[in-house]
Amino acid sequence: MKHSDIIPFYGGERPELFEIERRCMDRQGKVIEALDHLLPNGMVLDIGAGNGFTAEKLQSNQRTIVAIEPDPLMIDSTKAIIWSKGTAQDVPFHTNTFDAAYSTWAFFFEGVADLEKGLDEMKRIVKEDGLLVIIDNYGEDEFCSLSKNPIASNVYYWVNKGFEYQIIHTSFSFDSVEEARKLLSFYFGENAASIDKTEFEYKVAMFIKKNTKE
């Protein structure tokens, strides 16, 4: 795995912060509900699966989730899912293995050198007419406005790649102001250190495309 393929992520080294993120981000579960409704039965790959939080919730008797994650500190082997170590740019599976693949806030962030290679790998391992799904920040919301830098997905990029999209309206919902300050100041610095509320409007973009073997 090349270093440029992997986004530095705090979760493995700061598990107490990552626990807050996973518990409070989309606390209503709207993203998982949308994915559960959309994804087919069969074999599905979760690219950049983190600790398997989403994969575990999407697994069912009819749907097998395979979770691929490059950071060994993130992998939670206690979860009843299939784990594989690897990056989006070098997926260790044969062509046409999966009925769908999805990625939630993973390798598509700005700064990844081989974004196109990652998309090519996604298309390679998913069967013809299988689903490709990308989950990312939509922007134009209270949460993203806390950042001094742009953290929203480039909708036009994905549309130009043939993806349709829908916006999921959800929120970050914390148990206390102190908890909100702890996580959001870690994300955004002093801009969030003095917040005095526990719920923040959050819009999520779900990009969807049927796979075609060009």
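Things to note:
- With a simple spin-label model that places each label point 7 Å from the Cα along the Cα-to-Cβ direction, the separation between His169 and Asn61 comes to 3.7 nm.
- Radius ratio Rg over Rh of segment 91-214, counting only Cα atoms, Kirkwood formula for Rh: 1.06
- Candidate values (i) 50, 39, 34; (ii) 76, 31, 22; (iii) 42, 40, 28, label of the one derived for Cα extents along the principal axes in Å: (i)
- Carbon + sulfur, % of accessible area of the chain - ligands and nucleic acids excluded, 1.4 Å: 49
- A Förster radius of 25 Å combined with the Cβ-Cβ distance from Lys213 to Tyr187 puts the calculated FRET efficiency at roughly 0.05.
- Placing a pseudo-label 7 Å from each Cα along the Cα-to-Cβ vector at Glu140 and Ser84 gives an inter-label distance of 3.6 nm.
- In this structure the amide hydrogen of Gly42, modeled in the peptide plane, comes within under 5 Å of the amide hydrogens of Arg63, Thr64, none closer than 5 places in sequence on its chain.
- Highest average packing first - 28-38, 197-207, Cβ atoms within 10 Å: 197-207, 28-38
- Spin-label pair Arg27/Arg14, simplified geometry with 7 Å Cα→Cβ offset, distance in nm: 2.0
- Residues whose amide H lies under 5 Å from that of Ser171, counting only those 5 or more places away or on a different chain, are Asp26, Arg27, Gln28, Tyr202; hydrogens are built 1.01 Å from N in the peptide plane.
- Over 27 Å between alpha carbons, listed pairs Lys117/Lys210; Lys148/Lys210; Lys57/Lys209: Lys148/Lys210
- Table column - 3J(HN,Hα) (Hz), segment 115-127, Karplus curve with 6.51, -1.76, 1.60, x for Gly and Pro: 4, 5, 5, x, 5, 4, 5, 4, 5, 5, 7, 9, 5
- For segment 46-60, the Karplus equation 6.51 cos²θ - 1.76 cosθ + 1.60, evaluated at θ = phi - 60°, returns couplings of 9, 8, x, 6, x, 8, x, 4, 6, 4, 4, 6, 8, 5, 8 Hz by residue, with Gly and Pro reported as x.
- As a rough guide to protection, the peptides 15-24, 124-133 ranked by mean Cβ packing within 10 Å, highest first, stand as 124-133, 15-24.
The values are calculated or read from the model by the stated rules, or taken from the named source; none is laboratory data. Predicted model only: the values in this text are computed from it and were never measured. Neighbour counts run over all protein chains shown; Cβ positions are idealised from the backbone, glycine included. Heads up: the accessible areas ignore ligands, DNA and RNA and are worked out on the full protein's heavy atoms, side chains in. Shrake-Rupley method; radii C 1.70, N 1.55, O 1.52, S 1.80 Å.
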